[in-house]
Amino acid sequence: MEPATFARALGRAGGWSIEDYLAAGGYRAARKALLEMTPAAVLDEVKKASLRGRGGAGFPAGLKWGFVPPGTDRPKYLCVNADEGEPGTFKDRYILGHDPHLLIEGVLIAAYAVGLHRAYVYIRGEYEMIARRLEAAAAEAYERQFLGPDVLGTGFALDLWVHRGAGSYICGEETALLESLEGKRGHPRLKPPFPAAVGLFGAPTVINNVETLANVPGIVLRGAAWFLGLGLPADGGTRLFGVSGPVLRPGVYELPVGTSLREIIFTHAGGMLPGRKLKAVIPGGLSAPILRAEEIDLAMSCEALVCAGSMLGSGGIIVIDDRTSMLEVLLRAARFYAHESCGQCTPCRLGTNWIRKIVERLAAGGGRPGDIEELARLASGIKGRTLCPMGDAAAMPVLAIVEKFTSELEEASCRS
């Protein structure tokens, strides 16, 4: 197996600068793409690599790029989703902080493949230091002609802007991100039309996650077969898994797609803290349905987790031990989603607050007969009935916790 894709900037003082990036072989893939390959050849290589989106939905990146209509005189845009607002998720911050030029190179190659000349990185407002570092990296790229009106002397033009968000979870949804970029309230749009046809400023737009684009240079440089060999036939490469909770070595781990959840927790993250036992795991950020301890012998891939009733999502693994109350987990989730609902859709706007109120009453010891069933009914009334997937994100954790930990919720509400 080749060296890790995302680790080269670690252990080097100032490893994020363009000098260090070039010394480590940076921008070789961009030179190869722009000087030796056609845009169609780059697109075909990404398709063959089975690079799936790393932001949560897992949609094939090459297929998404191919949806953008060719040959139009209208502007086209690339939007990088660096909002990373999903609780338990911190892998994009790793890339942006340690190797921002890896993202910029991925943006350049994607822009060349699709034939667009304007790119935005939408970064969450709380990432102040990282945003400044990314802006500095972009300035370096302009100075070395990796961005600008004549990239590498080829005549290809690309401008990149770093746009700071205002801390709203909903802006992680791609169409709400577009609305925010346009200076509007971050409300999701009705689809269709899809962003590939009608996106930013009404123009064709590609939207990709940070980690997705950071994989592109490696695919172009080493080939689709190399990338597929790291992962699975339908989901190539490695993924960054962020592990948090009561484990010996919490952190970010780059591992092949399909690595088992048990291996990630008990081998790479060192297992549970002394005296703790594994109770449950949230495998892909807070919105991913929870798994019991006995359910973790499965591959961390999109298909395997869907079959298990959960999802890979952002790859943010939240480990929960036997000292943690599931009622407390449910309370934190309910409060978060009630606070972060944009309010555009009635089921989400009202349902998340009703769920929050019931869970708060349970946590205060005021549970009533039928409360648990009511939580399931309310969550079912949200799921699949909103404009965007954030309604499902609010509903799925509630449904999974209620289904798998009913007796504990009932006992905890009586003791509170």
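Key figures
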| item | result |
| --- | --- |
| Residue tally, condition more than 18 Å from residue 326 (Cβ to Cβ), surrounded by fewer than 20 Cβ atoms within 10 Å (Cβ to Cβ) and of a type in the set (Gly, Ala, Ser), over the range 367-404 | 4 |
| One residue from 295, 303 being out of contact with any Lys or Arg (no Cβ under 8 Å at 6 or more places or on another chain), modelled with pLDDT under 95 and farther than 14 Å from residue 87 by Cα | 303 |
| Residue match in the range 111-120 (condition: surrounded by fewer than 19 Cβ atoms within 10 Å (Cβ to Cβ), within 28 Å of residue 245 (Cβ to Cβ) and in contact with a Phe, Trp or Tyr (Cβ under 9 Å, 6 or more places away or on another chain)) | no |
| Selected residue (only one of 304, 299, 308 is free of Cβ contacts under 8 Å to residues at least 40 places away in the same chain and in the same structural domain as residue 248 (by TED's automatic domain parsing)) | 308 |
| Pick from the range 144-162, criterion in contact (Cβ under 8 Å) with a residue 12 or more places away in the chain and among the charged types (D, E, K, R), ranking: farthest from residue 182 (Cα to Cα) | 144 |
| Residue 57 being buried (at least 21 other Cβ atoms within 10 Å of the Cβ) and either within 15 Å of residue 215 (Cβ to Cβ) or touching a residue at least 60 places away in the same chain (Cβ under 8 Å) (or both) | no |
| Tabulated pairs, the range 239-259, first polar (S, T, N, Q), second modelled with pLDDT of 95 or more, C-beta under 6 angstrom, 6+ apart or interchain | 244/250; 244/318; 259/300 |
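Here's the yes/no breakdown for (1) assigned to a strand (DSSP E or B); (2) more than 23 Å from the chain's Cα centre (by Cα):
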site: 41; (1), (2): no, yes
site: 45; (1), (2): no, no
site: 50; (1), (2): no, no
site: 54; (1), (2): no, no
site: 58; (1), (2): no, no
site: 63; (1), (2): no, no
site: 70; (1), (2): no, yes
site: 81; (1), (2): yes, no
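For (1) among the hydrophobic types (A, V, I, L, M, F, W, C); (2) without any contact (Cβ under 8 Å) to a residue 60 or more places away in the chain; (3) assigned by TED's automatic domain parsing to the domain that holds residue 310, each residue gets a yes or a no:
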| residue | (1), (2), (3) |
| --- | --- |
| 372 | yes, yes, no |
| 384 | no, yes, no |
| 403 | no, yes, no |
| 408 | no, no, no |
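Yes/no matrix, rows are residues, columns are (1) more than 21 Å from the chain's Cα centre (by Cα); (2) assigned to a strand (DSSP E or B); (3) within 22 Å of residue 284 (Cβ to Cβ); (4) not aliphatic (A, V, I, L, M):
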residue	(1), (2), (3), (4)
319	no, yes, yes, no
343	yes, no, no, yes
350	yes, no, no, no
358	yes, no, no, no
376	yes, no, yes, no
386	no, no, yes, yes
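The values are calculated or read from the model by the stated rules, or taken from the named source; none is laboratory data. Worth saying up front: this structure is predicted, and the values here are computed from it rather than measured. FYI the Cβ positions are ideal-geometry reconstructions off the backbone, even for glycines, and counts take in every protein chain you see.
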